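Structure first, commentary second.
The values are calculated or read from the model by the stated rules, or taken from the named source; none is laboratory data. Just so it is clear, the model here is predicted, and its values are computed rather than measured. Reconstructed Cβ throughout: ideal geometry from the backbone, glycine too, with neighbour counts over all protein chains shown. Heavy atoms of the whole protein, side chains included, go into the accessibility calculation; ligands, DNA and RNA do not. Shrake-Rupley method; radii C 1.70, N 1.55, O 1.52, S 1.80 Å.
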Amino acid sequence: MKSELRHPLAFVPTMGALHAGHQSLIKIAKQKCEEVVLSVFVNPLQFENKEDLAQYPRNIDGDIALAQSTGATFVWAPTFEEVYPGDPVIIPAGKIGNLFEGVHRFGHFDGVLTVVHRLFELIRPEYAIFGEKDFQQLFLINQMVRELELPVEIISAPIVREDDGLAMSSRNIRLSTDDRARATIIYKALCEANGSKDPARALQRVLSKEKNFQIDYAEIIDANTFEVATVATPNKRAIVAGWLSGVRLIDNMAMEMAMESSGALA
Ligand code: AMP
């Protein structure tokens with residue numbers, strides 16, 4: 001595998017069912033290197049919910065066609081045994097891995113870091129591209145690369161959205177027509193928070209209008225530490241996750257326009 005690849009290369013790890021969000025990562029990779037490797041691997045280690053794993057959308061033929069037409073030079077869809085020939089060496093995600101997503105998906109980030117670390121070992125990329133869509137994941141991967149001094153540069157990619165603002169996701173195709181319409185509440189809430197003096201309250205207020213959306217969390221955090229933001233926090237980010245009829249949706253937005261209020265945000 002390693003010997004077939006030409007370096008320097010840029011790597012785009014995915015779980016497949018590719019969409020325009022993934023394509024944007026390939027395009028960023030292509031600006032860095034001629035050789036762009038895209039992996040498609042639905043990593044069981046990061047699914048604490050086996051039903052969620054079983055229902056995860058899969059479309060490998062479509063993925064190969066889309067990745068190659070966008071500029072990927074190598075599409076790799078390994079088996080579990082290729083990725084983990086022995087017992088996986090678990091990379092613990094630490095304290096921040098237990099917050100937010102980690103509360104609702106216990107052990108999720110240990111699984112994410114374990115697979116990303118393993119894929120880096122197998123592919124040895126000079127660059128790897130990750131979306132801001134999974135903001136906590138991006139944070140933890142940057143932290144892992146720093147702490148383990150891995151020889152790879154992490155590049156982050158902005159969130160790609162549908163015309164009505166819904167963040168693109170492989171899971172969106174599982175939404176019913178009604179839930180697809182309801183899902184726009186997330187982007188509306190993020191935008192409203194961004195224009196508000198009290199973004200935390202605005203976020204909750206707008207989300208609560210959609211009774212079918214079951215919130216896992218909706219918070220304003222310090223993007224540098226993942227602590228809940230205070231008025232003094234300069235680098236605020238709104239993060240939201242929840243469920244619509246069994247489909248889990250996640251999104252976030254930098255709070256660049258949010259104005260400071262006199263009280264604490266939380
Ligand atoms: P996934 O296949 O969902 O594991 O995602 C693979 C990569 O694509 C991750 O780095 C995601 O953050 C990124 N990604 C997924 N959806 C989007 C999106 N709408 N915009 C930008 N990047 C995305």
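Each residue of the range 36-42 is assigned a 3J(HN,Hα), and the resulting list reads 10, 9, 10, 9, 10, 8, 8 Hz, derived from the Karplus form 6.51 cos²θ - 1.76 cosθ + 1.60 (θ = phi - 60°), x at Gly and Pro. The value for the chain of Rg(Cα) / (2.2 N^0.38 Å) is 1.01. Measuring nothing but protein heavy atoms, the accessible surface of the chain at 1.4 Å probe radius is 51 percent carbon and sulfur. For Asn235, the residues whose modelled amide H falls within less than 5 Å of its own, excluding neighbours fewer than 5 places apart on the same chain, are Ala223.
Measuring between alpha carbons in the structure, the pairs from Lys211/Lys236; Lys133/Lys209; Lys27/Lys211; Lys133/Lys211 lying more than 30 angstrom apart are Lys27/Lys211. Summarising the strand pairing of the chain, around 55 percent of its internal DSSP beta bridges are antiparallel. Treating r as the C-beta distance of Ala77 and Lys211 and R0 as 51 Å, the FRET efficiency rounds to 0.80.
Each residue of the range 112-126 is assigned a 3J(HN,Hα), and the resulting list reads 5, 5, 4, 6, 5, 4, 5, 5, 4, 4, 6, 9, 6, x, 7 Hz, derived from the Karplus form 6.51 cos²θ - 1.76 cosθ + 1.60 (θ = phi - 60°), x at Gly and Pro.
Here the range 7-157 is assigned +1 on the Cβ of each Lys and Arg and -1 on the Cβ of each Asp and Glu. Its dipole about the Cα centre then comes out at about 300 debye.
In the chain, helical runs assigned H by DSSP with n ≥ 4 each contribute -39500 (n - 2.57); averaged across all residues and rounded to the nearest 500, the mean residue ellipticity at 222 nm is -10000 deg cm²/dmol. For Leu99, no residue has an amide H sitting under 5 Å from its own, ignoring neighbours fewer than 5 places away on the same chain, with H placed 1.01 Å from N.
Where a Cα-Cα gap under 14 Å defines reach, which aspartates and glutamates qualify for Lys197, not counting those fewer than 8 residues away within the same chain? The reachable aspartates and glutamates, counting only those whose Cα sits under 14 Å from Lys197, are Glu256, Glu260. Looking at the chain, the accessible area is 47 square angstrom per residue; that uses a 1.4 Å probe and ignores ligands, DNA and RNA. Only the Cβ atoms of Lys and Arg (+1) and of Asp and Glu (-1) were treated as charged; on that basis the dipole of the chain about its Cα centre amounts to roughly 480 debye.
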